[in-house]
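As structure tokens, the structure follows; a few thoughts come after it.
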Amino acid sequence: MKRWYLYPFSLVYHFVTASRNRMYDWGIFSSTKFKTPIIGVGNLSVGGSGKSPMVMYLADLLSKNFRTGVLSRGYGRKTKGYGIVNYDSTYKMVGDEAMQLFERFRNRFVIGVCEDRVFGAKKIIRDMDLDVLLLDDSYQHRRIKPGFNILLTDYNDPYFKDFVLPAGNLRESRRGAKRSDIIVVTKCPEILTEEKKQFYINKIKPRHYQKVFFSSINYDENVVNKRQQIPVQNLNYYDILLVTGIANPSLILKELKKYTPKIKHLKYGDHHSFTLADIDNIKKEYQKLGEYRIILTTEKDFVRLKSFDLIREKIYYWPINVEIDRKEEFDQIIENYVRKN
């Protein structure tokens, strides 16, 4: 949604962010380069564009052949400084995104958090002897110069239709897209025609060194909790209390409606820190449902909600994965960058 009445403030915001970017482009502000290959993943807009699933995809891909690390700032955590995620970590210590990665992959690759990206990158690369480092949500953090940048843009809200804050949702102008090596249009419909893809490519206007790919979200065949799983085809037997604390829950809601109309949705803000009052309200809404009922949430929200005894046994999450068109080409580009650097 565009807020045209705020457009004069967007002009000021654009001047500030554009000036900052020029300072980095001209070398007035310094960016740290690393000998170790670094891949940055980010977007131009605020809100969810699928960064977490993409980081999962890349870490899964690279960790099969390279000693891989992921570094995020640990958004929403109650701690500060550098840390490595391990079996003693909680989302309050490392943030929900880092904890989500660890819950799924455990020790397949190294996961670190640090609000100082330069310090954190130096330490995790040195201490863990990494072959490659993934930087989560790094596009505007220009104190580090990744060797390779992946820019994500939501199919339903692409950056080429948006404007800078506060009139729009862009954190910097559309021109920032030129810093990327790959642009991925995320959250695409399952069936996307070549004509529609070409329309987006024409709007993006990639430069000669850029490739454009399209990705979609693939929901698992089961919703799961710590003890059991339920096939999604059986969800119509249950009343569902859907609890979300992500930027854009429309995708999971749309997918869920394919299987059942019996949905009550409790929507919280992105990275919401659930309180006991929230949990009491969730439990009350759950008890209003029919005899056969479950609480369903996202994989990211699950790492926060599972810490509450009142609902731990009742809550399920729905795992997701990224599907990329021209997958072999995409994977080859990523792996070739790491091998050659």
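The values are calculated or read from the model by the stated rules, or taken from the named source; none is laboratory data. Everything numeric in this text was worked out from a predicted model, so none of it was measured. For neighbour counting, all protein chains shown are included, and Cβ atoms are generated from backbone atoms with ideal geometry for every residue, glycine included. Only protein heavy atoms, including side chains, enter the accessible area calculation; ligands, DNA and RNA are left aside. Shrake-Rupley method; radii C 1.70, N 1.55, O 1.52, S 1.80 Å.
Data table
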{"item": "Per-region count, the stretch 138-159, residues in contact with a strand residue (DSSP E or B) (Cβ under 8 Å, 6 or more places away or on another chain) and more than 28 Å from N336 (Cβ to Cβ)", "result": "1"}
{"item": "Residue check, N218 outside any loop (DSSP other than H, G, I, E, B) and free of Cβ contacts under 8 Å to residues at least 12 places away in the same chain", "result": "no"}
{"item": "Failed item, numbered, when G69 is tested on (1) crowded, with 19+ Cβ neighbours inside 10 Å; (2) in a helix (DSSP H, G or I); (3) modelled with pLDDT of 95 or more; (4) not aliphatic (A, V, I, L, M)", "result": "(2)"}
{"item": "Residue within the stretch 305-313 that is open to solvent by 40 Å² or more (accessible area, probe 1.4 Å) and at pLDDT 95 or above present", "result": "no"}
{"item": "Close pairs from the stretch 152-166: first over 21 Å from T193 (Cβ atoms), partner of a type in the set (K, R) and open to solvent by 30 Å² or more (accessible area, probe 1.4 Å), Cβ under 6 Å, at least 6 apart", "result": "Y159/R174"}
{"item": "Scope the stretch 1-15; condition surrounded by 11 or more Cβ atoms within 10 Å (Cβ to Cβ) and under 26 Å from the mean Cα position of the chain (by Cα); matching residues", "result": "K2, R3, S10, Y13, H14"}
{"item": "Only listed residue being within 30 Å of N43 (Cβ to Cβ) and open to solvent by 40 Å² or more (accessible area, probe 1.4 Å), chosen from L256, L296, L266, L251", "result": "L251"}
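One line per residue, one yes/no per condition, for (1) closer than 30 Å to L266 by Cα; (2) among the charged types (D, E, K, R); (3) open to solvent by less than 60 Å² (accessible area, probe 1.4 Å); (4) at pLDDT below 95:
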| position | (1), (2), (3), (4) |
| --- | --- |
| L135 | no, no, yes, no |
| F148 | no, no, yes, no |
| N169 | yes, no, yes, yes |
| G176 | no, no, yes, no |
| K211 | no, yes, no, no |
| I230 | yes, no, yes, no |
| I240 | yes, no, yes, no |
